[in-house]
1. Name the lysines eligible as straight-distance cross-link partners of LYS167: C-alpha to C-alpha under 26 Å, and not fewer than 8 places from it in the same chain.
2. Each label point is 7 Å from the Cα along the Cα-to-Cβ direction; what then is the distance between the points at HIS51 and VAL85, in nm?
3. With 10 angstrom as the radius, rank GLU154, GLU168 by how many other C-beta atoms surround their C-beta, starting from the fewest.
4. Calculate, for GLU42 and ALA17, the FRET efficiency according to 1/(1 + (r/R0)^6) with r their C-beta to C-beta distance and R0 25 Å; round to the nearest 0.05.
5. For the stretch 11-93, what does the alpha-carbon gyration tensor say about shape, rounded, prolate or oblate, given a ≥ b ≥ c as the root eigenvalues, a/c under 1.5 as rounded, and a/b over b/c as prolate?
6. Taking H as built 1.01 Å from N, whose amide H comes closer than 5 Å to the amide H of VAL7, not counting residues under 5 places away?
7. Pairs of lysine in the stretch 2-90 with Cα under 13 Å and at least 8 positions apart or on different chains: total?
Amino acid sequence: MKEFFNVTDPEALKSLAIPERVKILELFEDLEPRTAKQIATELGENAARLHYHVKELVRVGLLEQVDTRVKGSIVEKYYQPIAKVIQVKLRVMIEENAQQISDILFSPLRTTEQDLVRTLNRFVSSDIDVRKEYHDTFAYNVSELYLTTDERNEMVEEVNAIIRKYKENKNTDGRRKFKHFNILFPMVPPDPVEGDEDFEDIDNGTEEA
């Protein structure tokens with residue numbers, strides 16, 4: 001069993017949002033292997049339903065089968081978490097799955113943008129001139145940028161400085177309440193660093209039985 005395991009796969013992350021699966025992982029604080037039936041008994045859950053959650057945890061790499069024991073005609077499979085400590089590294093998870101997450105994240109925004117433009121075009125093509133009202137009401141911007149890490153950090157700081165300036169405004173006459181939403185999200189994983197080798201968990205010749 002590893003000491004630490006960083007969750008970066010979206011499917012594994014989803015499992016950590018399901019209470020039954022979290023309870024299963026928490027049950028192994030004593031680090032003792034268990035069968036699905038034993039897990040179900042200790043948690044007071046239906047065995048068939050619990051076995052499904054165990055299979056899903058194995059599928060996403062959070063549980064692993066560590067032993068098989070034969071008792072008569074019954075084959076018992078024993079499971080254990082992949083590591084003593086399972087933690088989520090959001091930065092790594094986001095960067096390694098940037099395209100998939102950005103597609104999920106921005107799909108509603110793209111639909112909203114298309115619907116807004118379509119509605120405004122209908123208004124603008126009518127006899128009512130709403131262009132000035134739109135100018136004073138909405139501000140909508142979706143852009144794709146190519147930035148280095150330094151440029152990204154510089155841009156974030158500049159935008160935050162502007163927001164801080166206007167956040168100091170008080171609710172006084174002549175001011176309307178606006179909601180501002182701003183997100184800068186990577187669309188692809190970062191380029192690999194030259195000479196950066198993958199980490200290997202090697203025990204220098206020592207093995208555990």
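None of the figures in this text is laboratory data; all of them are computed from the coordinates on show. Note that the structure is a prediction, hence the values are computed from the model and not measured. Cβ atoms come from the backbone with ideal geometry, glycine included; neighbour counts cover every protein chain shown.
1. List returned: LYS132, LYS177, LYS179.
2. 3.6 nm
3. Fewest-to-most ranking of GLU154, GLU168: GLU168, GLU154.
4. Given R0 = 25 Å and the Cβ-Cβ separation, E is 0.70.
5. prolate
6. Correct list: GLN87, VAL88, LYS89.
7. Going through the stretch 2-90 pair by pair, I get 4.
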